[in-house]
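The values are calculated or read from the model by the stated rules, or taken from the named source; none is laboratory data. The structure presented is a predicted model; accordingly, all values stated were derived computationally and were not measured. Ideal geometry is used to build each Cβ from the backbone, glycine not excepted, and the neighbour counts take in all protein chains shown. Heavy atoms of the whole protein, side chains included, go into the accessibility calculation; ligands, DNA and RNA do not. Shrake-Rupley method; radii C 1.70, N 1.55, O 1.52, S 1.80 Å.
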Amino acid sequence: MSDVRYPFTAIVGMADLRLGLLLNAVSPAVGGVLVRGEKGTAKSTMVRALAGLLPSIATVDGCRFACDPAAPDPQCPDGAHAGAPVSERPARLVELPVGVSEDRIVGSLDLERALAEGVKAYEPGLLAQAHRGVLYIDEVNLLQDHVVDLLLDAAAMGRSYVEREGVSVRHAARFLLVGTMNPEEGELRPQLLDRFGLTVEIAATRDPAERAEVVRRRLGYDADPAAFAARFAADERALADRITAARELLAQVELTDTALRQITAVCAAFEVDGLRADIVMARTAVALAAWSGRTEVLAEDVRKAAQLALPHRRRRNPFDAPGLDEEQLDRVLEEHAEPEPEPQPEPGPATAEGSQEDPDPEGGPDGPDGPDGDGPQDGGPDGGPDGGGGGAPEPAGPDGPPVEAADPAAGEDPAPQPVPAQHPAPARESAPVAAGDPYRTRLFAVDGTGRGAQGRRSPAETDGGHTVRARRPRGRLARLHLSATLRAAAPHQVARGRSSRALVLHKDDFREQVRQGRESNLVLFVVDASGSMAARQRMTAVKGAVLSLLMDAYQRRDKIGMITFRGASAELALPPTSSVEVGAARLESLPTGGRTPLAAGLLRAHEVLRVERLRDPDRRPLLVVVTDGRATGGGRDAVKQSHRAAGLLAAQGVASVVLDCESGPVRLGLAGALAARLRATSVTLDELRADGVASLVRENRPTTTAARKAA
């Protein structure tokens, strides 16, 4: 890979992304950029190209934390910097990998040396390297929660803290946060989402000419990176100079009261949470004015700032698409714009002597509204019974009078209305119905202690959480359990000839912490879409329940998958993914009708879980079967076949929940029988809600003997 960066000015299109990055280069206080878009749209290329445009920074020589000589950090671990030599270097672009460890982010303490020699030896992490530069996170939505927590702390306080067994190190960590993500792979935690000042949605252009130019430039860069960069060197220098000039102008830009009123009115109108949006919009509008070479914020700056700073802050649930109503935005800006001064009437002959009052404010008999004026008269075109008062005339019938709508209650048949053409639905299939409103559901967790990715559902050994025990290190020592280490070493100090304050430690003495937190799971939905579920009111409630469970999975950082069964087979409607939005969209468009091949749905679930177990053996599954328990389409043995399929899943130790959708005064209890075969918890739609059932959660947690053995 070439060391020559792709030039920023060589990127074709994507004006909003270019602007968002440049505004942060002008004013880092804006708070960074989140780039959302499909894969292969040069998100990473543009972010890396930005680093070459940033002005150089002055640093204290020998400081590993990039202290500013004009205002050095008094808590810098490298000590006081008074009188230290100063040098300049380019601002750094630090990339944070998705699978990064906690120690790599905040730095690590050499605990073995600290115990053996009594000294603190600290190795800075990525946050220290990114100080006063750019921290770039590709696929930021795939970060584990404990990594996100560290970034949130640093972004909120501008400092990084390392606390290990009574040893504390802290240093400044202020950086421009830039993240890229593909929404199809899952959404971002709301807390981290709000930390990005701006967000930009991008997609590949559909213009063949632009696409051809993109390919042409990329091939030219790959063939000779240095020569390609030289072609755009002048443009790069000009853009860098413009960034520097805008930075110098930034302090002179005035945020007028009118512009500030528009900013706060827009944030209130779009119901964004908190006041961070108002502050970010104000900073963005000021940066836009400076970028344009102006010293006053205009309405156009406020409008663009809203388009960049608000879309990701106005979402109410993970299924709301980001974006703004442009008409509403324009309306709010216009309502709170600077009022135009009213024109003053020129003095007439009657006021020539200095009187500014109208001698006849009512118009008088000879005024414009009097009988000799041109105002409307009774019965004239603008008033009276023949004028209509300026309103829209009613439609006339064949003989002139207005046509009145037929009143069915009066016994008259209404005029036939044209019916929009529709494609007839296939036989025995109902059109999709909308889902009911989502609600908070009960917590369903997998029994035992897992070792999967950190999340918020089932108990697991994780990097976060509380310490439950100590053990010998597995590989590199990451989290020292101090008391257990001391207990292991203490009996051997005399035999080892200890003669100083330092402990005599051997490698076998060290113990590491085992922490227990919660993991994310694979939640696989098996949804009955057959004719027995086709009643519209019933299916609306069922879809609302599944939508609620999808939202719960999103909040608990789970992967999800969805199998639907109807007619003669089962379909994998959504392969396991982190994108809950896609699952909600598939659920919304789910049609119903046909027979009920329940066994086929369960067998398909068995196969999907088998494949996923090979791909990610540490991620434990939770099966959610949404059905009324009916089984048809397999002859007289349809129910027996479904029970045999359920037995296969139970034998594999799959934790399961059966959402019983049976309704009506007469209940057959088929879903309960299926739950017994699965060794699963059975809940009705009414019991799914979290309200009032907190005491039942622990009692009904899915448990299986096989699951306990596997854990």
field: Conditions (1) in contact with a Gly (Cβ under 7 Å, 6 or more places away or on another chain); (2) at pLDDT 50 or above: number failed by Val446
entry: (1)
query: Any idea which of Leu198, Leu176 is out of contact with any Pro (no Cβ under 6 Å at 6 or more places or on another chain), at pLDDT 75 or above and among the hydrophobic types (A, V, I, L, M, F, W, C)?
result: Leu198
task: Exactly one condition in (1) within 30 Å of Glu662 (Cα to Cα); (2) of a type in the set (A, V, I, L, M); (3) surrounded by fewer than 18 Cβ atoms within 10 Å (Cβ to Cβ) is not met by Ala502; state its number.
output: (1)
field: Spans of helices (runs of 4 or more DSSP H) in region 119-201 with at least 3 residues open to solvent by 10 Å² or more (accessible area, probe 1.4 Å) and without any contact (Cβ under 8 Å) to a residue 40 or more places away in the chain
entry: 145-157
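Residues are listed down the side, and each one gets a yes or a no for (1) modelled with pLDDT of 80 or more; (2) under 23 Å from the mean Cα position of the chain (by Cα); (3) of a type outside the set (Phe, Trp, Tyr); (4) over 23 Å from Leu177 (Cα atoms):
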{"position": "Ala66", "(1), (2), (3), (4)": "yes, no, yes, no"}
{"position": "Cys76", "(1), (2), (3), (4)": "yes, no, yes, no"}
{"position": "Gly83", "(1), (2), (3), (4)": "no, no, yes, yes"}
{"position": "Ala91", "(1), (2), (3), (4)": "yes, no, yes, no"}
{"position": "Val94", "(1), (2), (3), (4)": "yes, yes, yes, no"}
{"position": "Val98", "(1), (2), (3), (4)": "no, yes, yes, no"}
statement: For region 77-94, the count of residues that are out of contact with any Cys (no Cβ under 9 Å at 6 or more places or on another chain) and crowded, with 17+ Cβ neighbours inside 10 Å equals 5
- prompt: Is region 636-653 home to any residue that is surrounded by 19 or more Cβ atoms within 10 Å (Cβ to Cβ) and in contact (Cβ under 8 Å) with a residue 60 or more places away in the chain?
  reply: no
message: For the structure I just gave you, tell me whether Thr632 is under 38 Å from the mean Cα position of the chain (by Cα) and of a type in the set (Ser, Thr, Tyr).
response: no
query: Of the residues that sit in region 219-252 and are part of a helix (DSSP H, G or I) and within 27 Å of Ala277 (Cβ to Cβ), which one is most open to solvent (accessible area, probe 1.4 Å)?
result: Arg247
- prompt: Pick from region 579-625 the residues that are buried (at least 20 other Cβ atoms within 10 Å of the Cβ) and among the hydroxyl-bearing types (Ser, Thr, Tyr): which of them is nearest to Ala541 (Cα to Cα)?
  reply: Thr592
- prompt: If you scan region 470-484, which residues turn out to be surrounded by fewer than 13 Cβ atoms within 10 Å (Cβ to Cβ) and either among the small types (Gly, Ala, Ser) or more than 23 Å from Leu143 (Cβ to Cβ) (or both)?
  reply: Arg471, Arg474, Gly475, Ser483
message: Tell me yes or no: at least one residue of region 63-70 is under 20 Å from Ala173 (Cα atoms), part of a loop (DSSP other than H, G, I, E, B) and open to solvent by 60 Å² or more (accessible area, probe 1.4 Å).
response: yes
field: Criterion: farther than 16 Å from Gln129 by Cα and open to solvent by less than 20 Å² (accessible area, probe 1.4 Å) - qualifying residue of Val12, Val30, Val4, Val60
entry: Val30
- request: Would you be able to tell me the number of residues in region 522-570 that are in contact with a Lys or Arg (Cβ under 9 Å, 6 or more places away or on another chain), of a type in the set (D, E, K, R) and under 14 Å from Pro591 (Cβ atoms)?
  value: 2
query: Could you say whether any residue in region 16-23 is without any contact (Cβ under 8 Å) to a residue 60 or more places away in the chain, on the phi < 0 side of the Ramachandran plot and not in a helix (DSSP H, G or I)?
result: no
Condition met for Thr540 (touching a residue at least 24 places away in the same chain (Cβ under 8 Å) and either surrounded by 20 or more Cβ atoms within 10 Å (Cβ to Cβ) or in contact with a His (Cβ under 7 Å, 6 or more places away or on another chain) (or both)): no
field: Test result for Val215, over 23 Å from Ala584 (Cα atoms), among the hydrophobic types (A, V, I, L, M, F, W, C) and open to solvent by 40 Å² or more (accessible area, probe 1.4 Å)
entry: yes
query: So how many residues does region 557-567 have that are modelled with pLDDT of 85 or more and open to solvent by 20 Å² or more (accessible area, probe 1.4 Å)?
result: 3
field: Of all residues in region 508-521 being surrounded by fewer than 23 Cβ atoms within 10 Å (Cβ to Cβ) and touching a Pro at 6+ places or on another chain (Cβ under 9 Å), the one that is farthest from Ala671 (Cα to Cα)
entry: Phe510
- prompt: Can you name the condition, by its number, that Arg487 falls short on among (1) buried (at least 18 other Cβ atoms within 10 Å of the Cβ); (2) in a helix (DSSP H, G or I)?
  reply: (1)
